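Below is one structure, written out as structure tokens; the observations come after it.
The values are calculated or read from the model by the stated rules, or taken from the named source; none is laboratory data. Every value quoted in this text rests on a predicted model; they were computed, and no experiment measured them. Positions of Cβ are generated from backbone atoms using ideal geometry, with glycine treated the same way; all protein chains shown enter the neighbour counts. Heads up: the accessible areas ignore ligands, DNA and RNA and are worked out on the full protein's heavy atoms, side chains in. Shrake-Rupley method; radii C 1.70, N 1.55, O 1.52, S 1.80 Å.
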Amino acid sequence: MPPRKKATRRKKAAPASVGLTTSETKAVAAGDIQELSAQVEADGGTVLGAYNDPFGAKPLLVVALPVDRVEPTPYQRDASDTHVKRLMGVIETIGRFLDPIVAIRHENQYWTPNGNHRLQALKKLGVKTVVALLVPDPNVAFKILALNTEKAHNLREKSLETIRMARALGRAGNQPETDFAFEFEQPAFLTLGVCYEERPRLSGGAYQPILRRIDEFLDRPIGQAVKERERRGRKILKLDDAVSAAVEKLKARGLTSPYLKPFVVSRVNFTRFSKATSFDFDETLDKIIASAAKFNVDRVKQEDVARVGAGPAAED
């Protein structure tokens with residue numbers, strides 16, 4: 001793990017000094033969007049307008065699309081029924097759909113990396129059309145974690161999305177995993193994603209503090225990196241087995257808490273006391289797994305567990 005960089009203070013921008021003027025936003029070069037506009041019309045959609053994004057000056061289309069031509073990107077989380085129902089109620093109450101989804105065109109269909117809950121709400125309401133901001137750059141489909149603001153991701157959702165994206169990127173190209181640091185946000189999400197695929201009810205939040213210290217983005221082709229993630233995930237599951245065994249022994253002694261697993265992990269995670277700036281992944285995990293396997297439950301008191309609090313478990 002590389003040394004932590006010192007936080008740099010953002011330079012304050014002068015008011016109204018960045019991006020385009022209002023008139024510049026409408027000066028869209030026809031060549032930038034002409035082909036995409038024709039494709040939308042051929043797909044049964046309608047182009048409502050075009051403009052240059054006022055921050056990055058990149059062209060965007062505002063389009064009306066047949067709702068049955070739009071689907072979420074295949075690697076993102078499942079929609080929450082509760083959130084979908086809430087959105088349905090809001091749309092019905094105000095009688096308007098005021099928050100266009102973000103979409104890209106993909107193989108004569110449309111994918112939304114940001115708007116699945118809104119999309120599902122509209123489909124359940126039986127509407128014919130969804131309004132979208134159509135982005136010409138298809139790589140936006142992989143910016144799910146950065147774009148998705150309609151419902152906060154939990155750790156499990158983030159982890160599953162990142163490993164699904166990694167698998168898709170591995171099939172499409174040979175770039176190194178390090179090239180997708182923005183898309184993936186944390187290397188821990190990739191390793192935990194493998195774990196959640198194998199063990200959906202994993203308490204991943206208990207192991208994230210360890211992975212934040214010892215995991216890093218891999219400078220190897222994404223397809224190879226996925227295989228390494230699978231190997232690392234198996235090692236985390238081995239740790240989970242050892243921790244779970246210790247938890248069962250604590251329960252047998254009458255200790256109760258929803259945070260028994262984070263408690264055991266915090267006791268065996270020596271990296272939290274270390275000032276080291278880098279750790280060998282396998283060497284560190286092997287040591288932690290060995291500590292978990294010989295965890296002495298007889299020395300633990302109920303008040304020790306009570307001091308752990310709600311930290312890691314809440315992220316799941």
Practice item. Taking only protein heavy atoms into account and a 1.4 Å probe, give the accessible area per residue of the range 51-121 in Å². Key: 48
Check your understanding: When all protein chains stay in place, what accessible area (Å², nearest 10, 1.4 Å probe) is found for K238?
Key -> 120
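Mind ranking R105, R156 by accessible surface for me, highest first, 1.4 Å probe?
R156, R105
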Point to revise | Three-way shape label, the range 1-114, alpha-carbon gyration tensor, a/c 1.5 | key: oblate
Review point. Cα centroid distance between the range 185-203 and the range 95-118, in Å?
Key: 27
Practice item. Keeping all protein chains in place, calculate the accessible area per residue for the range 165-316 (probe 1.4 angstrom), answer in Å². Key: 50
Review point. Using the per-residue mean of other Cβ atoms lying within 10 Å as a proxy for protection, in what order, highest first, do the peptides 11-18, 267-274 fall?
Key: 267-274, 11-18
Practice item. Describe numerically, in nm with one decimal, the distance between label points set 7 Å from Cα along Cα→Cβ at F273 and at T46. Key: 6.9
Practice item. For A29 and K294, compute 0.36 nm times the residue count separating them, minus their Cα-Cα distance, and round to one decimal in nm. Key: 88.7 nm
Exercise for review: Assuming R0 = 51 Å, can you tell me the calculated FRET efficiency for the pair E303 and K12, based on Cβ-Cβ distance, to the nearest 0.05?
Suggested key: 0.60
Point to revise | the chain: DSSP helices with Cα axial extent of at least 24 Å and average Kyte-Doolittle hydropathy no lower than -1.0 | key: 155-172, 222-252
Exercise for review: Please calculate the 1.4 Å probe accessible area of D241, with all protein chains present, and give it to the nearest 10 Å².
Suggested key: 80
Study note, to complete from the structure: With all protein chains present, the chain has a carbon and sulfur share of its accessible area (1.4 Å probe) in percent of 51
Study note, to complete from the structure: Summing +1 per Lys or Arg and -1 per Asp or Glu among the other residues with Cβ less than 11 Å from L169's Cβ gives 0
